[in-house]
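Inspection log for the structure reproduced underneath, given as structure tokens.
The values are calculated or read from the model by the stated rules, or taken from the named source; none is laboratory data. Note that this is a predicted model, so its numbers are computed, not measured. Neighbour counts are summed over all protein chains in view; Cβ atoms, including those assigned to glycine, are modelled from backbone coordinates with ideal geometry.
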């Protein structure tokens, strides 16, 4: 492999397309880790005035149903975004999403 081929956009798009399931898994997990803070805040705001048993069942519902739906929705949105226009800009978009996740993680002081 020569250097001009290594630096070309088609090379990186082909590499991203070959590893799309792994890329989606990593991106979805990173986005959900950062979104967890906001989900917990919303759930706490709605359940703060209720009893322990209600808060426990709300916790179970959020963990079993809420995060499942959030994971599936996030993965679908990421896949739709990355494969838009035939995946012409898949590698730069993935890099951009990673940069946004890193900036938000730094803002939340998680890294």
(request) For residue 4, work out the one condition from (1) surrounded by fewer than 14 Cβ atoms within 10 Å (Cβ to Cβ); (2) farther than 21 Å from residue 91 by Cα; (3) over 16 Å from the mean Cα position of the chain (by Cα) it doesn't fulfil. (result) (2)
(message) Cβ-Cβ distance below 6 Å, separation of 6 or more or different chains: which pairs start in segment 31-47 with a residue that is in contact (Cβ under 8 Å) with a residue 40 or more places away in the chain and at positive phi and end on one that is in a helix (DSSP H, G or I) and exposed (fewer than 14 other Cβ atoms within 10 Å of the Cβ)?
(response) none
(request) From the list 69, 81, 73, 86, pick out the single residue that is more than 20 Å from residue 38 (Cα to Cα), out of contact with any helix residue (DSSP H, G or I) (no Cβ under 6 Å at 6 or more places or on another chain) and loosely packed, with under 12 Cβ neighbours inside 10 Å. (result) 86
(message) Could you go through segment 24-32 and let me know if any residue there is assigned to a helix (DSSP H, G or I) and loosely packed, with under 12 Cβ neighbours inside 10 Å.
(response) no
(request) Output the residue which, of all residues in segment 89-111 that are surrounded by fewer than 14 Cβ atoms within 10 Å (Cβ to Cβ) and not in a helix (DSSP H, G or I), is modelled with the lowest pLDDT. (result) 111
(request) Taking residue 16 as the residue in question, decide whether it is touching a residue at least 40 places away in the same chain (Cβ under 8 Å), assigned to a helix (DSSP H, G or I), under 25 Å from residue 95 (Cα atoms) and out of contact with any strand residue (DSSP E or B) (no Cβ under 8 Å at 6 or more places or on another chain). (result) yes
(message) Just to check your reading of the model, which residue among 21, 4 is assigned to a helix (DSSP H, G or I) and modelled with pLDDT under 90?
(response) 4
